[in-house]
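The values are calculated or read from the model by the stated rules, or taken from the named source; none is laboratory data. Just so you know, these numbers come straight off a predicted model, no measurement behind them. Please note: Cβ atoms are built from the backbone with ideal geometry, for glycine as well, and neighbour counts cover all protein chains shown. In case anyone asks, the SASA skips ligands and DNA or RNA and just uses the protein heavy atoms, side chains included. Shrake-Rupley method; radii C 1.70, N 1.55, O 1.52, S 1.80 Å.
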Amino acid sequence: MTLTNQQLTSIAQEFGTPVYVYHADTITQQYNNLTTAFSGQDVKIFYACKALTNINILKHFLKLGSNVDCSSINEVKLALHAGFPPARVLYTSNGIGFEEIEEAQSLGVHINIDSLSNLKKFGDKFGHSYPVGVRLRPNIMAGGNLKISTGHDKSKFGIPIDQIEELLTIIKETNLFIQGLHIHTGSEIKDVDVFIKGIEVLFDIIPLFKELAFIDLGGGFKVPYKKGDHETDITLLAKKVGEAFANHPNPNGKHLQVWFEPGKYLVSGAGYLVTQVNVLKETNAIHFVSVNSGFNHLIRPMFYDAYHNITNISNCEGEEKHYAVVGNICETDTFAWDRKLPEVREGDFLVFANAGAYGFEMSSNFNSRFKPAEVLVKENSFHLIRRRDIFEDLLKNQIEVL
Ligand code: LLP
């Protein structure tokens, strides 16, 4: 399910470029894929909204019946603002100050705590009165690249599984109510056995937590970025997760729900960044195409060497040539070094695919350029859901003292 070149061209003409465009139906389809795969199992999906927090996207997930996973107190507040009841909001924290955890507690949302230090403070203050989850580091290496691997034995995330004794002591001494165990090994995990390995690490310790109600396996499903690319086989994952739990009934007799926190899987393919070609520069070695965007708008190629498919929607039938597609900011901001595209002319619209996750969300005002507008396509209507920055936005938080 994709948007057509005609739709993307109309949006570029109507709202200008660069513009992020999201397709609501694609999000719905991805969400339904997950819930269908896990139907028959007691699984809850928490959309990892760090991927894309536009309030309309959050409201769309609310309507779909999804829950939401947050990575800052402000994401928690955005989710509540969108209308999520606290019981459908999860705050999986990482390295945060205790005040933020207290604030999340006062808002009544689920909290996964990721350090012994904060767990102790939480236990000292709330004892058994407020159930929490524990974010563990399973010491498993997984994920598309080191920058997005979070479960390995040198990762900052979670309480190392080898500190289980210290963890148990704190729980006992402060009478904590542990309702969940959480792991998230990384992003872009195509091998479903990584999740099963994670579950097996947890099976060893589940008997130690008598009040457990859920196991949270995080997110990280791999999406395809180009034709023939691997993606996580969700049906197989569901089958193996079901089997793993069936083979390991909780010795405490309590039923365990399984939670997931996918971000990319739900929104990556639903998003496009539509740019326009500013200049062509032909050199002996390389033909540069410079678009009116850069890593200030889509940082993934420069930050992770991520591949984003690029199409020239203004000249689909043109003769194919090799180009370096670059941005317009004052730094090396290469989107693609050597990309075959139908002949590119100045003024053409170039579209970056898989821009729904960690696209707009990781954008900045570097070079004092404006952040792009965002448009939602829903039932064939185009809705502007964030206006492009204007010059006043660049000054609005500055205090002129000179
Ligand atoms: N849960 C936790 C605790 C996480 O840390 C993350 C992502 C997710 C869920 C969602 O992971 P996903 O399903 O989206 O892979 N900016 C990087 C990805 C960083 C992911 C950080 N944590 C990128 O653009 O590739």
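Normalise the Debye intensity by I(0) for the chain, one equal point scatterer per Cα, no solvent, then take log10 at q = 0.06, 0.12, 0.15 Å⁻¹ and round to two decimals. The calculated log intensity ratios at q = 0.06, 0.12, 0.15 Å⁻¹ are -0.27, -0.97, -1.35. Max-minus-min Cα coordinates of region 268-395 on each principal axis give 41, 36, 27 Å, with the largest extent listed first. Sparse packing (at most 15 other Cβ atoms within 10 Å of the Cβ) combined with a DSSP loop state is found for the following trypsin sites (Lys or Arg not before Pro) in region 123-181: Lys154, Lys156.
What does the charge add up to near Ser71, with Lys and Arg as +1, Asp and Glu as -1, over the other residues with Cβ less than 15 Å from its Cβ?
Local net charge: -3.
Farthest toward the positive end of the dipole of region 4-120, out of Ile11, Tyr91, Ser72, is the Cα of Ile11, where the dipole comes from beta carbon charges about the Cα centre.
Summing -39500 (n - 2.57) over the DSSP H runs of n ≥ 4 in the chain and dividing by its residue number, what mean residue ellipticity at 222 nm do you reach, to the nearest 500 deg cm²/dmol?
When only DSSP H runs of four or more count, the value is -8500 deg cm²/dmol.
Amide hydrogen proximity for Gly133: with H placed 1.01 Å from N in the peptide plane, the residues at 5 or more positions away or on another chain lying under 5 Å are Ile111, Asn112, Ile113, Gln179, Gly180. Can you check what the net charge comes to around Glu173, using other residues whose Cβ is under 10 Å from the Cβ of Glu173 (Lys, Arg +1; Asp, Glu -1)? Net charge in that neighbourhood comes out at +1. From the alpha carbon centroid of region 66-96 to that of region 1-43 is 22 Å. So for region 268-395, averaging the separation of alpha carbon pairs under 8 Å that are six or more residues apart and normalising by length, what relative contact order in percent results? In percent, rounded to a whole number, it is 29. Sites listed here are trypsin sites (Lys or Arg not before Pro) in region 224-309 whose DSSP assignment is loop and whose Cβ has at most 15 other Cβ atoms within 10 Å: Lys226, Lys227, Lys254. Counting only protein heavy atoms and a 1.4 Å probe, the chain has 44 square angstrom of accessible area per residue. The fraction of accessible area contributed by carbon and sulfur in region 38-262 is 52 percent, rounded to a whole number (1.4 Å probe; ligands and nucleic acids excluded). Looking at the chain, which longest stretch skips every one of the GluC sites (Glu not before Pro) that is in a DSSP loop with at most 16 other Cβ atoms within 10 Å, leaving the sites themselves out? Segment 1-210 is the longest.
Write out the chymotrypsin sites (Phe, Trp or Tyr not before Pro) in region 282-351 meeting two conditions: DSSP loop, and at most 16 other Cβ atoms within 10 Å of their Cβ.
The qualifying sites are Tyr307.
According to the Cα-based calculation, Rg over Rh for region 145-250 is 1.02, with Rh computed by the Kirkwood formula. At q = 0.12, 0.21 Å⁻¹, what is the base-10 log of I(q)/I(0) for region 37-159 according to the Debye formula with one equal point scatterer per Cα and no solvent? Please give it to two decimals. The Cα Debye sum returns log10 ratios of -0.49, -1.23. Whole-percent P(r), region 38-262, all Cα pairs, 10 Å bins from 0: 8, 34, 39, 18, 2, 0.
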